[in-house]
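What follows is one structure encoded as structure tokens, with my remarks underneath.
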Amino acid sequence: MRQEMDRLARTHPLPRWAHRLAGGEAHRMEEVATAFRLVHRTIITPDWTGAAGTTEADRALRTRLLRDRGVEGLLDSFRPLMDWRPPVLHVRYPEDRDLHLGGRGLRLIPSHFCWRTPIALADPSLPQVLAYPVTHPPAWAPPATRERRPEALATLLGRTRARVLAAPDTTATTGEVSLRLGISAPSASEHITALREVSLVHSRRTGSQVVHTLTPLGTALLRGELPPGAAAS
């Protein structure tokens, strides 16, 4: 922690308590830990299903791209956030820096809480990760969506819609759902829209296709489990 604080102090003026924290004062460490727990309990936990939904949808999409188009296609999918010009991955970053992997791997981490630009570790000697911002809905969990849910849930019942819910076990396009279930594309689209309005399915456009994935809530419903966060509440 002292090394991290020293690095931060080079570019940002730190308050006096931060230097005492870097000195390892036990009660200061406990205060920070308590603050983190409080923030997590009051801000993050109540909306965790939405946060998990955005990251899991992105992870499923990237996995599909890696499967279908290989590493080149995966890295190309990050435009305009990143620009893959072999053998260099150019990243929009707050500062000008070069990171040489030297044969090491790079772990890509989708983050709901990362905004605008990706973030890498400051210490180049550590195993390298690159946390990048996921695509957030225009209005995350807006009140209007919650008002539509009772009506949308009323249309959820039915054998075909249950089969549509089970269709994107990893990812699927509307056409793939249609082929798997032997129903028309307009019918598949209608069912997917209803599932999306009650936050059971997440849809994202990639190129000319719209790829659908189950949200954590949809997975929990399909498996007969408690939704994320339900046990804690």
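The values are calculated or read from the model by the stated rules, or taken from the named source; none is laboratory data. What you see is a predicted model, and the numbers here were worked out from it, not measured in a lab. With ideal geometry, Cβ positions are generated from the backbone for all residues, glycine too; neighbour counts draw on all protein chains shown. We work out accessible area using only protein heavy atoms, side chains counted, and drop any ligands, DNA or RNA first. Shrake-Rupley method; radii C 1.70, N 1.55, O 1.52, S 1.80 Å.
Taking θ as phi - 60°, what are the ³J(HN,Hα) couplings along segment 12-29 by the Karplus curve (6.51, -1.76, 1.60), each to the nearest whole Hz, with x for Gly and Pro?
Here the 3J(HN,Hα) series is 9, x, 9, x, 4, 5, 5, 5, 5, 5, 5, x, x, 5, 4, 5, 5, 4 Hz.
How many Å² of accessible area per residue for the chain, probe 1.4 Å?
Numbers: 14950 Å² over 233 residues.
Dividing the accessible area of the chain by its residue count gives 64 Å².
Need one number: % antiparallel among DSSP beta bridges in the chain, to the nearest 5.
The antiparallel proportion sits near 70 percent.
I'd like the distance separating the alpha-carbon centroids of segment 171-203 and segment 1-36, in whole Å.
Rounded to whole Å, the Cα centres lie 50 Å apart.
Please list the radius of gyration and Dmax for the chain, considering alpha-carbon atoms only, with Å as the unit.
21.6, 67
For the chain, what is the calculated [θ] at 222 nm in deg cm²/dmol (nearest 500), taking -39500 (n - 2.57) for each run of four or more DSSP H residues and dividing by its residue count?
Details: 9 runs with 107 residues, N = 233.
The helix-only estimate for the chain comes to -14000 deg cm²/dmol at 222 nm.
Once you've got the GNM for the chain with C-alpha springs shorter than 10 Å, pick whichever of 73, 175, 105 has the biggest mean-square fluctuation.
Result: 105 has the largest fluctuation of those listed.
Which is farthest toward the positive dipole end of the chain among 195, 87, 53, measuring Cα position about the Cα centre, with Cβ charges +1 (Lys, Arg) and -1 (Asp, Glu)?
Toward the positive end, the furthest listed residue is 195.
With charges set only on the Cβ (+1 for Lys and Arg, -1 for Asp and Glu), what does the dipole of the chain come to about its Cα centre, in debye to the nearest 20?
Numbers: 31 positive and 23 negative charges, 31 e Å.
Computed charge dipole of the chain: roughly 140 debye.
Collect residues whose amide H, placed 1.01 Å from N in the peptide plane, falls under 5 Å from the amide H of residue 206; neighbours closer than 5 in sequence don't count.
211
Given a Förster distance of 35 angstrom, what is the FRET efficiency for residue 100 paired with residue 38, based on the Cβ-Cβ distance and rounded to 0.05? Intermediate results must be reported in sequence, preceding the final value.
On the way: r = 40 Å, r/R0 = 1.14.
Result of the calculation: an efficiency of 0.30.
Taking amide H positions as placed 1.01 Å from N in the peptide plane, with prolines and chain starts having none, which residues 5 or more places from residue 201, or on another chain, fall under 5 Å of its amide H?
Counting only residues 5 or more places away or on other chains, the set is 196, 215.
Once you list every other residue whose beta carbon is under 11 Å from the beta carbon of residue 112, what net charge do they have if Lys and Arg are +1 and Asp and Glu are -1? Mind showing how you got there, number by number?
On the way: positive: none; negative: 47, 56, 58.
Net local charge, residue 112 excluded: -3.
Can you send over the carbon and sulfur percentage of the accessible area for the chain, probe radius 1.4 Å, protein chains only?
Values: 8680 of 14950 Å².
Solvent-exposed carbon and sulfur of the chain make up 58 percent of the total.
For residue 166 and residue 184 in one chain, what is 0.36 nm times their gap in residues minus the Cα-Cα distance, to one decimal in nm? Mind dumping the intermediate values first?
On the way: separation 18, 0.36 × 18 = 6.48 nm, distance 1.67 nm.
Residue separation times 0.36 nm, minus the Cα-Cα distance, leaves 4.8 nm.
Give me Rg over Rh for segment 55-143, both radii from the alpha carbons and Rh done the Kirkwood way, two decimal places.
With Rh from the inverse mean 1/r over Cα pairs, Rg/Rh is 0.98.
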